[in-house]
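Q: Structure provided below as structure tokens; questions to follow.
The values are calculated or read from the model by the stated rules, or taken from the named source; none is laboratory data. For clarity, every value in this text was computed on a predicted model and none was experimentally measured. Methodologically, a virtual Cβ is constructed for each residue, glycine included, from the backbone with ideal geometry; neighbour enumeration extends over all protein chains shown.
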Amino acid sequence: MHVISLPPDPGLGEKLATLMKCSHARATYKTFPDGELYLRLPSTAGEPLILVSTTYPDQNRSLMELFFALEYLGSKGFRELYAVVPYMAYGRQDKEFLEGEVVSGRAVLRMLRDLGLRRLFVVDMHSAVLMSEFKDLVVNTLPARTLADYVGRAVRVPRIVIAPDVGASGRAEAIAKLLGCEYAVVSKFRDRITGEVTHRVPEELSLEGFNAVIVDDIVSTGGTVASIAKHLLSRGVEEVHVIASHGLFVGDSLAKLSSSGVRRVAVLNTVSHHVESDLVEYLDVTGELLEPIRNVLPTR
Ligand code: R5P
């Protein structure tokens with residue numbers, strides 16, 4: 001078994017190779033003056049081969065490099081090709097919400113499968129629809145234990161776990177179960193034309209004196225979490241903490257989160273863009289990610 005880190009690997013390749021006691025090497029890369037990409041893979045003879053990448057901050061570049069690598073390896077006769085991509089971009093466009101919208105999430109997975117990828121190991125993939133459509137390809141890890149252990153250390157009782165929308169309820173339920181506390185689900189309404197999103201926290205929910213833990217898959221602009229945090233604090237919550245699998249932290253998201261009253265945001269090391277902020281803490285997902293890889297690829 002061999003592990004190759006593609007350029008955006010967020011540091012997981014080397015750790016996984018050490019834990020799996022196999023070799024690790026890095027691809028070399030550059031960008032030509034006109035913007036085209038160059039990639040050179042290290043020589044490796046044996047299989048299975050695990051490519052490690054991620055798709056943030058530069059989704060399109062990372063995907064092209066992954067496609068290039070798979071095509072090249074296939075042309076050299078490699079057949080046991082696997083990829084670890086802890087953050088998989090385009091997962092939110094999993095349907096044609098408006099007529100004519102391309103289903104980019106499906107297109108990406110289809111290309112990976114057509115290029116000979118056997119399994120794609122991801123962390124907390126956004127779309128249940130895509131996971132079901134590509135169940136033979138996608139191996140998803142819900143990092144509930146890593147996130148719940150953090151909450152156990154960082155957030156005082158009494159706690160309540162908050163799912164920002166119905167899609168997040170499974171994740172919230174799993175974490176609340178590990179913590180032995182209740183969870184609640186916020187209703188989300190999105191205007192498909194303007195993109196405007198509104199949230200409604202159940203009125204009957206008693207929140208006074210609780211420390212709330214909002215759990216989401218992605219923190220991007222921070223808008224979702226900031227809006228819910230402000231509402232929770234206005235309802236008597238003591239502290240609002242955020243745990244999420246993928247911290248993209250786009251634009252002024254950190255300022256937005258900080259001014260909303262959020263105490264701390266813990267995210268996993270699934271992307272290669274890390275922010276320096278007292279508000280943000282990074283948790284290592286390697287251990288939880290290793291289990292499904294070992295299940296599919298027992299050490300030979
Ligand atoms: C949406 O369905 C996702 O689960 C996240 O809630 C969303 O991507 C967060 O985005 P933002 O931080 O921009 O509000």
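Q: I'd like to verify a number: residues in region 181-199 that are touching a Lys or Arg at 6+ places or on another chain (Cβ under 9 Å) and away from the ligand (no atom under 15 Å from the Cβ), how many?
A: Adding up the residues that qualify gives 3.
Q: Restricting attention to region 200-223, report how many residues are closer than 18 Å to residue 268 by Cα and either away from the ligand (no atom under 16 Å from the Cβ) or polar (S, T, N, Q) (or both). Step through it out loud before you land on a result.
A: Start the filter on region 200-223 by keeping residues that are closer than 18 Å to residue 268 by Cα, which leaves 213-222.
Add one more test, that the residue is either away from the ligand (no atom under 16 Å from the Cβ) or polar (S, T, N, Q) (or both), and what stays is 220-221.
Total meeting the criteria: 2.
Q: Starting from region 223-252, take each residue that is without any contact (Cβ under 8 Å) to a residue 12 or more places away in the chain and under 20 Å from residue 152 (Cβ atoms) and list its partners that are near the ligand (Cβ under 10 Å from one of its atoms) and in a strand (DSSP E or B), counting only C-beta distances under 8 angstrom and pairs at least six apart or across chains.
A: Sorted first by the residue in region 223-252, then by its partner, the list stays empty.
Q: Also: Taking only region 245-300 into account, find how many residues are acidic (Asp, Glu) and part of a helix (DSSP H, G or I).
A: Total satisfying the criteria: 2.
Q: Going by the structure shown, is residue 248 in contact with a Leu (Cβ under 9 Å, 6 or more places away or on another chain) and among the aliphatic types (A, V, I, L, M)?
A: It is false that residue 248 is in contact with a Leu (Cβ under 9 Å, 6 or more places away or on another chain) and among the aliphatic types (A, V, I, L, M).
Q: Sticking with this structure for a sec: When region 213-244 is examined, which residues are found to be touching an Asp or Glu at 6+ places or on another chain (Cβ under 8 Å) and part of a helix (DSSP H, G or I)?
A: If the condition is that a residue be touching an Asp or Glu at 6+ places or on another chain (Cβ under 8 Å) and part of a helix (DSSP H, G or I), then 224, 225 are the ones that fit.
Q: Here's a follow-up. List the number of the failed condition for residue 264; all other conditions in (1) within 14 Å of the ligand (Cβ to nearest atom); (2) of a type outside the set (Phe, Trp, Tyr); (3) crowded, with 17+ Cβ neighbours inside 10 Å; (4) over 25 Å from residue 53 (Cβ atoms) hold.
A: Failing condition for residue 264: (1).
Here's the yes/no breakdown for (1) loosely packed, with under 15 Cβ neighbours inside 10 Å; (2) hydroxyl-bearing (Ser, Thr, Tyr):
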residue: 87; (1), (2): no, yes
residue: 105; (1), (2): no, no
residue: 108; (1), (2): no, no
residue: 114; (1), (2): yes, no
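Q: Still on this structure, please answer the following. In region 144-178, which residues are charged (D, E, K, R), assigned to a helix (DSSP H, G or I), away from the ligand (no atom under 16 Å from the Cβ) and without any contact (Cβ under 8 Å) to a residue 60 or more places away in the chain?
A: 149, 153, 177, listed by residue number.
Q: Residue 28 passes all but one of (1) of a type in the set (Val, Ile, Thr); (2) out of contact with any His (no Cβ under 6 Å at 6 or more places or on another chain); (3) closer than 17 Å to residue 86 by Cβ; which number fails?
A: All conditions are met except number (3).
Q: In region 60-77, what count of residues is obtained for those that are surrounded by fewer than 18 Cβ atoms within 10 Å (Cβ to Cβ) and aromatic (Phe, Trp, Tyr)?
A: 2
Q: Can you spot a residue in region 276-285 that is more than 18 Å from the chain's Cα centre (by Cα) and under 18 Å from residue 230 (Cα atoms)?
A: yes
Q: So, one more: If you scan region 3-51, which residues turn out to be assigned to a strand (DSSP E or B) and surrounded by fewer than 18 Cβ atoms within 10 Å (Cβ to Cβ)?
A: Across region 3-51, the qualifying residues are 23, 25, 26, 28, 29, 30, 31, 37, 38, 39, 40.
Q: Among the residues of region 1-30, how many are among the polar types (S, T, N, Q) and closer than 18 Å to residue 72 by Cβ?
A: Qualifying residue count for the region: 2.
Q: Still on this model: Residues in region 233-255: is at least one at pLDDT 95 or above, closer than 30 Å to residue 63 by Cα, out of contact with any strand residue (DSSP E or B) (no Cβ under 8 Å at 6 or more places or on another chain) and not hydrophobic (A, V, I, L, M, F, W, C)?
A: yes
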